[in-house]
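The values are calculated or read from the model by the stated rules, or taken from the named source; none is laboratory data. Note that the structure is predicted; figures quoted are calculated from it, not measured. For neighbour counting, all protein chains shown are included, and Cβ atoms are generated from backbone atoms with ideal geometry for every residue, glycine included.
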Amino acid sequence: MSKQRVLITAGATGIGREIARAFVESGASVFVCDINRIALANIAEEIPGVLTGHCDMSSRSHIERMVPEAAAALGGIDVLVNNAGIAGPTAPTDEVDPDDWDAVLQVNLTGTFNTTRLAIPHLKTAGRGAIITLSSMAGRFGYRNRSPYCASKWALIGFTKTLALELGAFNITANAILPGAVQGERLDKVYAGRAALSGKSIEEVRREALASQSIKQLVDPRDIAALAVFLASDAAKSISGQALPIDNDRQQA
Ligand SMILES: NC(=O)c1ccc[n+]([C@@H]2O[C@H](COP(=O)([O-])OP(=O)(O)OC[C@H]3O[C@@H](n4cnc5c(N)ncnc54)[C@H](O)[C@@H]3O)[C@@H](O)[C@H]2O)c1
């Protein structure tokens, strides 16, 4: 493949930043959008060559501005990484604030739809492409006290499978990556939320979480990035419509 042009949503920190780094290292041109302007400035400095743009993924008008901006900056789009996803509340469903429900669905599902619908024409023009969407182990299992997040991550699997059917004829693959418990700040917050709700210590919560994995480790975000680069490569041209866990063989959420 010639130099890939990659758009990554909400990628200025965390897993998205590792994905950006891996694509740049593979020789791709990368555009990262994010809501956090400071994080955007930091990633532009940290990963030379990365193009950046401000976007609130809960805003349709922001996305309608951002995707054309990314396509213009990159000279087209071959690869879309739908990385944006907020964790949302930790509470039993009957205590979830409906506004919090809306906020999670708006970013995780509707934001992904709005980005994807606008990126598809660019991928079709490229004649070959890949759409990679970050779901979660919460898109594979029920996830106690995280119903908005869980519902959004299952929805992204249906979205991915539908994209695969619609876009296969255009040499565009669509796959979902389902990370388990990933090293980083976000998981620290999830464990803290769970501990607060259950009255257990954070260490206890962490031990319990790893008990349901064959490999007793957190997932290295660089491994997720390597999987994304592979899924966008020519070697993965026959893989589409798949939901790929990368979770140390987790048996439950
Ligand atoms: N970290 C994990 O353990 C884990 C596990 C499974 C799946 N995932 C999924 O992987 C993806 C990335 O997760 P992460 O942990 O790196 O995320 P994160 O919480 O570290 O956030 C990544 C970025 O999203 C940006 N962001 C937040 N709200 C935004 C908005 N409205 N518009 C634009 N940008 C916004 C933040 O500024 C941040 O730079 C998400 O879809 C997440 O659900 C993460």
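One residue stands out among those in region 128-145 that are touching a strand residue (DSSP E or B) at 6+ places or on another chain (Cβ under 9 Å) and part of a loop (DSSP other than H, G, I, E, B): the one that is farthest from the ligand (Cβ to nearest atom), which is ARG128.
Comparison of ILE86, ILE38, ILE47 shows that the only residue that is free of Cβ contacts under 8 Å to residues at least 12 places away in the same chain and surrounded by fewer than 22 Cβ atoms within 10 Å (Cβ to Cβ) is ILE38. Among the residues making up region 213-225, those that are crowded, with 17+ Cβ neighbours inside 10 Å and either at pLDDT below 95 or not in a strand (DSSP E or B) (or both) are LEU218, PRO221, ILE224, ALA225.
Do we have any residue at all in region 148-156 that's under 16 Å from the mean Cα position of the chain (by Cα), surrounded by fewer than 22 Cβ atoms within 10 Å (Cβ to Cβ), within 16 Å of the ligand (Cβ to nearest atom) and among the polar types (S, T, N, Q)? Checked region 148-156: no residue is under 16 Å from the mean Cα position of the chain (by Cα), surrounded by fewer than 22 Cβ atoms within 10 Å (Cβ to Cβ), within 16 Å of the ligand (Cβ to nearest atom) and among the polar types (S, T, N, Q).
Scan region 100-120 and tell me whether some residue there is within 11 Å of the ligand (Cβ to nearest atom), over 21 Å from ILE8 (Cβ atoms) and surrounded by fewer than 19 Cβ atoms within 10 Å (Cβ to Cβ). Yes, there is a match, as at least one residue in region 100-120 is within 11 Å of the ligand (Cβ to nearest atom), over 21 Å from ILE8 (Cβ atoms) and surrounded by fewer than 19 Cβ atoms within 10 Å (Cβ to Cβ). Figure legend. Inter-residue proximity from region 149-167: first residues farther than 18 Å from ALA236 by Cβ and of a type in the set (D, E, K, R), second residues within 13 Å of the ligand (Cβ to nearest atom) and at pLDDT 95 or above, beta-carbon distance below 6 Å, spacing 6+ or different chains. Indicated pairs: LYS153/SER135; LYS153/SER136; LYS153/ALA138; LYS153/GLY139. Does region 234-244 contain any residue that is closer than 30 Å to GLU166 by Cβ, of a type in the set (A, V, I, L, M), part of a loop (DSSP other than H, G, I, E, B) and touching a helix residue (DSSP H, G or I) at 6+ places or on another chain (Cβ under 9 Å)? Scanning region 234-244, I find at least one residue that is closer than 30 Å to GLU166 by Cβ, of a type in the set (A, V, I, L, M), part of a loop (DSSP other than H, G, I, E, B) and touching a helix residue (DSSP H, G or I) at 6+ places or on another chain (Cβ under 9 Å), so the answer is yes. Among the residues of region 158-211 satisfying the criterion of being within 16 Å of the ligand (Cβ to nearest atom) and hydroxyl-bearing (Ser, Thr, Tyr), which is surrounded by the most Cβ atoms within 10 Å (Cβ to Cβ)? Checking each candidate, the answer is THR160.
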